[in-house]
Amino acid sequence: MARVLLVDSQPLFNEALEALFARDGEHQVIGRSSSRSEAFAMLQSLEPDLTLVDAAVGLGETPCLVDRILRARPATKVVVLGDDHDPNLLMAAIRAGAAGVVGKTHGADTVLRVARGVLDGEGAVPRSMILEVTRRLIGGERFSGSPLARLSPRERQVLVRLSRGWDNTRIGGDLYISQHTVRTHIQNILEKLGMHSKLEAAAFAMRWSFELDAEGDRDDGGDGRRAEGSGDPRGTPMERAQLAGSGYG
(Lines give C-alpha, C1' and ligand atoms only; values in the text may rest on other atoms or scores of the structure.)
Protein backbone atom coordinates (compact mmCIF):
# COMPACT_ATOMS: atom_id res chain seq x y z
CA MET A 1 0.00 0.00 0.00
CA ALA A 2 1.43 3.38 -1.05
CA ARG A 3 2.17 5.84 1.76
CA VAL A 4 0.79 9.34 1.08
CA LEU A 5 1.57 12.71 2.69
CA LEU A 6 -0.94 15.55 2.15
CA VAL A 7 0.19 19.18 2.29
CA ASP A 8 -2.42 21.86 1.67
CA SER A 9 -2.96 25.36 3.04
CA GLN A 10 -6.62 24.45 3.68
CA PRO A 11 -7.01 21.78 6.40
CA LEU A 12 -10.51 20.91 5.16
CA PHE A 13 -9.10 20.04 1.73
CA ASN A 14 -6.55 17.77 3.39
CA GLU A 15 -9.38 16.01 5.20
CA ALA A 16 -11.34 15.58 1.96
CA LEU A 17 -8.31 14.06 0.24
CA GLU A 18 -7.68 11.72 3.15
CA ALA A 19 -11.29 10.49 2.97
CA LEU A 20 -10.86 9.92 -0.76
CA PHE A 21 -7.71 7.84 -0.35
CA ALA A 22 -9.21 5.92 2.60
CA ARG A 23 -12.03 4.67 0.36
CA ASP A 24 -9.56 3.71 -2.38
CA GLY A 25 -7.85 0.89 -0.49
CA GLU A 26 -4.57 1.32 -2.44
CA HIS A 27 -3.15 4.29 -0.54
CA GLN A 28 -2.56 5.01 3.13
CA VAL A 29 -2.49 8.64 4.26
CA ILE A 30 0.30 8.79 6.85
CA GLY A 31 0.22 12.52 7.54
CA ARG A 32 -1.46 15.87 6.87
CA SER A 33 0.08 19.33 7.10
CA SER A 34 -0.75 22.93 6.24
CA SER A 35 2.69 24.51 6.68
CA ARG A 36 6.06 24.19 4.96
CA SER A 37 8.12 23.56 8.09
CA GLU A 38 5.77 20.93 9.49
CA ALA A 39 5.45 19.21 6.12
CA PHE A 40 9.22 18.97 5.70
CA ALA A 41 9.63 17.54 9.20
CA MET A 42 6.90 14.96 8.55
CA LEU A 43 8.51 14.01 5.25
CA GLN A 44 11.78 13.14 6.97
CA SER A 45 10.15 11.13 9.75
CA LEU A 46 7.33 9.40 7.82
CA GLU A 47 9.09 8.71 4.46
CA PRO A 48 6.05 8.85 2.14
CA ASP A 49 5.98 7.30 -1.31
CA LEU A 50 3.79 10.12 -2.65
CA THR A 51 3.37 13.72 -1.53
CA LEU A 52 0.50 15.90 -2.74
CA VAL A 53 1.36 19.54 -2.07
CA ASP A 54 -0.67 22.70 -2.62
CA ALA A 55 0.99 25.08 -5.10
CA ALA A 56 0.66 27.93 -2.60
CA VAL A 57 2.76 25.95 -0.11
CA GLY A 58 5.03 23.96 -2.41
CA LEU A 59 6.16 26.62 -4.88
CA GLY A 60 7.12 30.27 -4.78
CA GLU A 61 10.00 30.55 -2.33
CA THR A 62 13.66 29.74 -3.05
CA PRO A 63 14.38 26.93 -2.56
CA CYS A 64 10.74 25.87 -2.79
CA LEU A 65 9.28 23.08 -0.67
CA VAL A 66 8.97 20.73 -3.68
CA ASP A 67 12.69 21.08 -4.35
CA ARG A 68 13.57 20.57 -0.67
CA ILE A 69 11.36 17.46 -0.49
CA LEU A 70 13.04 15.84 -3.48
CA ARG A 71 16.54 16.73 -2.32
CA ALA A 72 15.84 15.22 1.10
CA ARG A 73 14.01 12.15 -0.22
CA PRO A 74 14.58 11.58 -3.96
CA ALA A 75 12.44 8.42 -3.97
CA THR A 76 9.31 10.38 -3.07
CA LYS A 77 6.96 11.28 -5.93
CA VAL A 78 5.50 14.79 -5.74
CA VAL A 79 2.30 16.08 -7.34
CA VAL A 80 1.39 19.76 -7.04
CA LEU A 81 -2.24 20.69 -6.39
CA GLY A 82 -3.24 23.76 -8.41
CA ASP A 83 -4.46 25.10 -11.74
CA ASP A 84 -3.35 22.36 -14.13
CA HIS A 85 -4.17 24.53 -17.16
CA ASP A 86 -1.76 27.30 -16.13
CA PRO A 87 1.40 26.69 -18.21
CA ASN A 88 3.53 28.80 -15.89
CA LEU A 89 2.46 26.76 -12.88
CA LEU A 90 3.07 23.51 -14.77
CA MET A 91 6.56 24.65 -15.76
CA ALA A 92 7.39 25.81 -12.22
CA ALA A 93 6.28 22.45 -10.80
CA ILE A 94 8.18 20.39 -13.37
CA ARG A 95 11.35 22.46 -13.03
CA ALA A 96 11.20 22.01 -9.26
CA GLY A 97 11.14 18.24 -9.85
CA ALA A 98 7.44 17.45 -9.39
CA ALA A 99 5.80 14.81 -11.56
CA GLY A 100 3.22 17.41 -12.54
CA VAL A 101 0.06 19.18 -11.42
CA VAL A 102 -3.51 18.07 -10.79
CA GLY A 103 -6.39 20.51 -10.40
CA LYS A 104 -8.31 20.73 -7.16
CA THR A 105 -11.60 20.77 -9.03
CA HIS A 106 -11.13 17.33 -10.58
CA GLY A 107 -13.26 14.43 -9.46
CA ALA A 108 -12.11 11.53 -7.33
CA ASP A 109 -11.45 9.24 -10.31
CA THR A 110 -9.00 11.70 -11.88
CA VAL A 111 -7.11 12.35 -8.64
CA LEU A 112 -6.75 8.62 -7.96
CA ARG A 113 -5.75 7.91 -11.55
CA VAL A 114 -3.05 10.59 -11.35
CA ALA A 115 -1.79 9.20 -8.03
CA ARG A 116 -1.53 5.66 -9.43
CA GLY A 117 0.15 6.88 -12.61
CA VAL A 118 2.76 8.97 -10.79
CA LEU A 119 3.61 6.09 -8.48
CA ASP A 120 4.11 3.98 -11.62
CA GLY A 121 6.54 6.54 -13.00
CA GLU A 122 4.22 8.57 -15.23
CA GLY A 123 3.94 12.36 -15.45
CA ALA A 124 0.87 14.34 -14.37
CA VAL A 125 0.04 16.77 -17.17
CA PRO A 126 -3.41 17.24 -18.77
CA ARG A 127 -3.54 16.09 -22.39
CA SER A 128 -4.52 19.57 -23.51
CA MET A 129 -1.30 21.00 -21.98
CA ILE A 130 1.25 18.42 -23.17
CA LEU A 131 2.08 20.31 -26.37
CA GLU A 132 2.60 23.67 -24.65
CA VAL A 133 4.72 22.18 -21.86
CA THR A 134 6.86 20.26 -24.37
CA ARG A 135 7.39 23.37 -26.46
CA ARG A 136 8.44 25.40 -23.44
CA LEU A 137 10.85 22.73 -22.28
CA ILE A 138 12.41 22.37 -25.74
CA GLY A 139 12.55 26.13 -26.25
CA GLY A 140 14.18 26.65 -22.87
CA GLU A 141 16.90 24.13 -23.68
CA ARG A 142 17.51 25.47 -27.17
CA PHE A 143 17.91 29.11 -26.11
CA SER A 144 19.40 28.54 -22.64
CA GLY A 145 22.04 31.18 -21.92
CA SER A 146 21.13 33.13 -25.08
CA PRO A 147 19.58 36.61 -25.26
CA LEU A 148 16.91 34.93 -27.40
CA ALA A 149 15.58 33.26 -24.24
CA ARG A 150 14.12 36.63 -23.25
CA LEU A 151 11.78 36.57 -26.26
CA SER A 152 8.54 34.65 -26.72
CA PRO A 153 8.29 32.20 -29.66
CA ARG A 154 6.19 34.72 -31.63
CA GLU A 155 8.67 37.52 -30.96
CA ARG A 156 11.48 35.32 -32.28
CA GLN A 157 9.45 34.68 -35.44
CA VAL A 158 8.98 38.41 -35.94
CA LEU A 159 12.69 38.98 -35.35
CA VAL A 160 13.60 36.45 -38.05
CA ARG A 161 11.45 38.28 -40.58
CA LEU A 162 12.93 41.63 -39.59
CA SER A 163 16.37 40.23 -40.41
CA ARG A 164 15.08 39.39 -43.92
CA GLY A 165 14.22 43.04 -44.50
CA TRP A 166 10.45 42.51 -44.40
CA ASP A 167 8.14 45.40 -43.53
CA ASN A 168 5.33 45.17 -40.98
CA THR A 169 2.68 44.44 -43.60
CA ARG A 170 4.54 41.44 -44.97
CA ILE A 171 5.40 40.13 -41.50
CA GLY A 172 1.76 40.38 -40.44
CA GLY A 173 0.54 38.64 -43.57
CA ASP A 174 3.03 35.81 -43.20
CA LEU A 175 2.19 35.22 -39.53
CA TYR A 176 -1.57 35.92 -39.88
CA ILE A 177 -1.46 38.76 -37.34
CA SER A 178 -2.38 42.45 -37.63
CA GLN A 179 0.13 45.23 -38.27
CA HIS A 180 -0.71 46.61 -34.83
CA THR A 181 0.28 43.27 -33.29
CA VAL A 182 3.50 43.27 -35.33
CA ARG A 183 4.37 46.74 -33.98
CA THR A 184 3.69 45.55 -30.43
CA HIS A 185 5.97 42.54 -30.90
CA ILE A 186 8.73 44.74 -32.32
CA GLN A 187 8.44 47.15 -29.40
CA ASN A 188 8.67 44.22 -26.97
CA ILE A 189 11.71 42.84 -28.82
CA LEU A 190 13.54 46.17 -28.63
CA GLU A 191 12.76 46.58 -24.93
CA LYS A 192 13.76 43.03 -23.99
CA LEU A 193 17.02 43.19 -25.97
CA GLY A 194 17.88 46.75 -24.89
CA MET A 195 17.85 48.07 -28.46
CA HIS A 196 16.59 51.27 -30.04
CA SER A 197 15.75 50.50 -33.67
CA LYS A 198 14.49 47.80 -36.02
CA LEU A 199 17.80 47.97 -37.87
CA GLU A 200 19.72 47.16 -34.70
CA ALA A 201 17.37 44.24 -34.00
CA ALA A 202 17.75 42.95 -37.57
CA ALA A 203 21.54 43.03 -37.29
CA PHE A 204 21.30 41.13 -33.99
CA ALA A 205 19.07 38.50 -35.62
CA MET A 206 21.58 37.97 -38.40
CA ARG A 207 24.29 37.24 -35.81
CA TRP A 208 21.99 34.67 -34.16
CA SER A 209 20.59 33.32 -37.42
CA PHE A 210 21.60 29.70 -36.78
CA GLU A 211 19.59 29.51 -33.55
CA LEU A 212 16.66 31.36 -35.08
CA ASP A 213 16.32 29.39 -38.32
CA ALA A 214 14.04 26.61 -37.01
CA GLU A 215 11.93 29.04 -35.01
CA GLY A 216 11.38 31.32 -37.95
CA ASP A 217 9.97 28.62 -40.18
CA ARG A 218 7.26 27.54 -37.72
CA ASP A 219 3.75 28.67 -38.56
CA ASP A 220 2.28 29.04 -35.11
CA GLY A 221 3.00 31.43 -32.28
CA GLY A 222 4.24 28.88 -29.79
CA ASP A 223 0.82 28.62 -28.20
CA GLY A 224 -0.46 25.58 -30.06
CA ARG A 225 -2.63 27.53 -32.55
CA ARG A 226 -1.77 27.08 -36.23
CA ALA A 227 -2.00 29.94 -38.71
CA GLU A 228 -5.05 29.73 -40.96
CA GLY A 229 -4.47 27.75 -44.13
CA SER A 230 -0.94 26.64 -43.22
CA GLY A 231 0.79 23.28 -43.40
CA ASP A 232 -0.52 19.82 -42.74
CA PRO A 233 -4.22 19.95 -41.74
CA ARG A 234 -3.55 17.16 -39.25
CA GLY A 235 -1.17 19.48 -37.35
CA THR A 236 2.53 19.27 -36.63
CA PRO A 237 4.11 15.94 -35.58
CA MET A 238 4.13 17.19 -31.98
CA GLU A 239 0.43 18.04 -32.17
CA ARG A 240 -0.36 14.59 -33.51
CA ALA A 241 1.74 13.04 -30.76
CA GLN A 242 -0.32 14.97 -28.23
CA LEU A 243 -3.47 13.13 -29.32
CA ALA A 244 -1.80 9.83 -28.55
CA GLY A 245 -0.18 11.06 -25.33
CA SER A 246 -0.56 9.61 -21.87
CA GLY A 247 -1.76 12.77 -20.12
CA TYR A 248 -4.91 12.84 -18.02
CA GLY A 249 -8.11 14.79 -18.45
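The values are calculated or read from the model by the stated rules, or taken from the named source; none is laboratory data. Just so it is clear, the structure is predicted and the values come from calculations on it, not from any experiment. Note that we place each Cβ from the backbone using ideal geometry, even for glycine, and neighbour counts take in every protein chain shown.
Condition test on Ala41, is it surrounded by fewer than 13 Cβ atoms within 10 Å (Cβ to Cβ) and in the same structural domain as Thr110 (by TED's automatic domain parsing)?
Working: surrounded by fewer than 13 Cβ atoms within 10 Å (Cβ to Cβ): no; in the same structural domain as Thr110 (by TED's automatic domain parsing): yes.
So Ala41 fails the test.
Looking at region 92-191, what helices (runs of 4 or more DSSP H) fall wholly within it and have at least 1 residues that are in contact (Cβ under 8 Å) with a residue 40 or more places away in the chain and touching a Gly at 6+ places or on another chain (Cβ under 7 Å)? If you could, list the steps in order and put the result at the bottom.
On the way: elements: 108-119, 127-142, 153-163, 168-175.
Hits in region 92-191: 127-142, 153-163.
Specify which of the listed residues (Asp67, Asp83) is assigned to a helix (DSSP H, G or I), acidic (Asp, Glu) and assigned by TED's automatic domain parsing to the domain that holds Arg23. Before you say what the answer is, go through the steps one by one.
Values: Asp83 fails: assigned to a helix (DSSP H, G or I).
Result of the check over Asp67, Asp83: Asp67.
Filtering region 74-93 down to residues that are touching a strand residue (DSSP E or B) at 6+ places or on another chain (Cβ under 9 Å) and surrounded by fewer than 16 Cβ atoms within 10 Å (Cβ to Cβ), which residue is farthest from Thr134 (Cα to Cα)?
Pass one, region 74-93, residues touching a strand residue (DSSP E or B) at 6+ places or on another chain (Cβ under 9 Å): 76-86, 89-90, 92-93.
Okay, now just the ones that are also surrounded by fewer than 16 Cβ atoms within 10 Å (Cβ to Cβ), so 83, 85-86.
On the way: Asp83: 18, His85: 14, Asp86: 14 Å.
Among those residues, the one meeting the criterion is Asp83.
Is there a residue being of a type outside the set (Asp, Glu), crowded, with 16+ Cβ neighbours inside 10 Å, modelled with pLDDT of 85 or more and within 28 Å of Asp86 (Cβ to Cβ) anywhere in region 164-176? Step through it out loud before you land on a result.
First pass over region 164-176, keeping only residues of a type outside the set (Asp, Glu): 164-166, 168-173, 175-176.
From what is left, the residues that are crowded, with 16+ Cβ neighbours inside 10 Å are 166, 168, 171-172, 175-176.
In the following step, the residues that additionally are modelled with pLDDT of 85 or more were identified as 166, 168, 171-172, 175-176.
Still in the list and also within 28 Å of Asp86 (Cβ to Cβ): 175-176.
Within region 164-176, one or more residues are of a type outside the set (Asp, Glu), crowded, with 16+ Cβ neighbours inside 10 Å, modelled with pLDDT of 85 or more and within 28 Å of Asp86 (Cβ to Cβ).
Have a look at Leu59, Leu81, Leu70, Leu89 and point out the one that is in contact (Cβ under 8 Å) with a residue 60 or more places away in the chain and of a type in the set (A, V, I, L, M).
Values: Leu59 fails: in contact (Cβ under 8 Å) with a residue 60 or more places away in the chain; Leu70 fails: in contact (Cβ under 8 Å) with a residue 60 or more places away in the chain; Leu89 fails: in contact (Cβ under 8 Å) with a residue 60 or more places away in the chain.
Result: Leu81 is the single residue among Leu59, Leu81, Leu70, Leu89 that is in contact (Cβ under 8 Å) with a residue 60 or more places away in the chain and of a type in the set (A, V, I, L, M).
How many residues does region 1-28 hold that are surrounded by 19 or more Cβ atoms within 10 Å (Cβ to Cβ) and touching a helix residue (DSSP H, G or I) at 6+ places or on another chain (Cβ under 9 Å)? Lay out the reasoning, then the answer.
Quick first cut of region 1-28, residues surrounded by 19 or more Cβ atoms within 10 Å (Cβ to Cβ) only: 4-8, 14, 17, 21, 27.
Now narrow it down to the ones that are touching a helix residue (DSSP H, G or I) at 6+ places or on another chain (Cβ under 9 Å): 4-8, 17, 21, 27.
Qualifying residue count, region 1-28: 8.
Taking Gly25, is it farther than 19 Å from Ala98 by Cβ and small (Gly, Ala, Ser)? Let's see the steps before the verdict.
Details: farther than 19 Å from Ala98 by Cβ: yes; small (Gly, Ala, Ser): yes.
Against the criterion (farther than 19 Å from Ala98 by Cβ and small (Gly, Ala, Ser)), Gly25 qualifies.
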